[in-house]
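The values are calculated or read from the model by the stated rules, or taken from the named source; none is laboratory data. It should be emphasised that the depicted structure is a prediction, and the values quoted were computed from it without experimental measurement. Because the Cβ atoms are built from the backbone with ideal geometry, glycine has one as well, and the counts that use them run over all protein chains shown.
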Amino acid sequence: MKITGHKNHTNDELLVDKYRNTGNISVLGVLYERYMPLVYGVCLKYLKNRDEAKDAVIEIFEKLVIELATKDIEKFRPWLYVVAKNHCLMKLRKMRNEHSMEKIYINDAIVFMESEEEMHPLDESGPDMNELLKECIEKLKDEQKNCIQLFYLEHKSYLTIAELLGLEVKKVKSFIQNGKRNLKNCIEEKK
């Protein structure tokens with residue numbers, strides 16, 4: 001059986017059987033080359049983003065390496081169409097869930113409020129403390145330093161900091177928490 005030349009459209013099911021029996025990735029490569037435009041079109045239709053669609057095509061064909069070895073497939077093309085469609089729908093669902101969780105996280109005042117009981121070196125004052133604080137802020141990693149300065153010294157919100165620095169709000173929160181911990185450790189070492 002000749003496998004080269006995707007225009008020839010050697011029976012897809014024969015190629016699937018050959019791949020299943022031999023595990024030869026080049027056989028799968030023929031199917032990949034043959035159906036990449038179809039899968040890309042499906043992904044682009046659902047994801048509406050070229051880069052996301054290209055990534056999805058690769059993910060789908062990586063999935064095929066495993067799925068073709070275990071699934072009974074009567075007609076490859078319609079099966080592949082459904083696999084591509086389902087993959088994109090799952091990806092969209094995941095993206096929606098992440099987006100809605102981020103919105104909840106951003107809008108949840110309790111999540112973003114710092115504990116009033118917790119006294120932090122940034123809340124303490126005095127000439128010695130100010131110098132010590134400046135010295136310790138300079139030792140922070142850039143991301144932590146920028147977030148700490150914007151949050152505490154310029155009184156910016158998490159969302160504003162995220163927009164200014166091009167970060168996710170969760171990252172800003174993390175940089176501030178880690179920065180506070182590092183500041184506290186630095187100040188305690190120098191006292």
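Below are the figures for this structure:
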quantity	calculated
Residue match in region 112-132 (condition: surrounded by fewer than 15 Cβ atoms within 10 Å (Cβ to Cβ) and modelled with pLDDT of 90 or more)	no
Among residues of region 58-76, those that are of a type outside the set (Asp, Glu), in contact with a helix residue (DSSP H, G or I) (Cβ under 8 Å, 6 or more places away or on another chain) and in a helix (DSSP H, G or I), counted	8
Complete set of residues in region 145-160 that are basic (Lys, Arg) and under 21 Å from residue 129 (Cβ atoms)	145
Pairs with Cβ under 7 Å, 6+ apart, first in region 52-71 and among the aromatic types (Phe, Trp, Tyr), second in a helix (DSSP H, G or I)	61/32
Qualifying residue in region 9-30 (condition: under 20 Å from residue 88 (Cα atoms) and assigned to a helix (DSSP H, G or I))	no
Selection status of residue 143, at pLDDT 90 or above and outside the structural domain of residue 47 (by TED's automatic domain parsing)	yes
Residue in region 72-84 that is loosely packed, with under 14 Cβ neighbours inside 10 Å, out of contact with any Pro (no Cβ under 8 Å at 6 or more places or on another chain), of a type in the set (A, V, I, L, M, F, W, C) and at pLDDT 90 or above present	yes
Options 148, 176; residue that is at pLDDT 85 or above and farther than 24 Å from residue 98 by Cα	148
Region 161-191: number of residues that are free of Cβ contacts under 8 Å to residues at least 60 places away in the same chain, buried (at least 18 other Cβ atoms within 10 Å of the Cβ) and closer than 16 Å to residue 129 by Cα	2
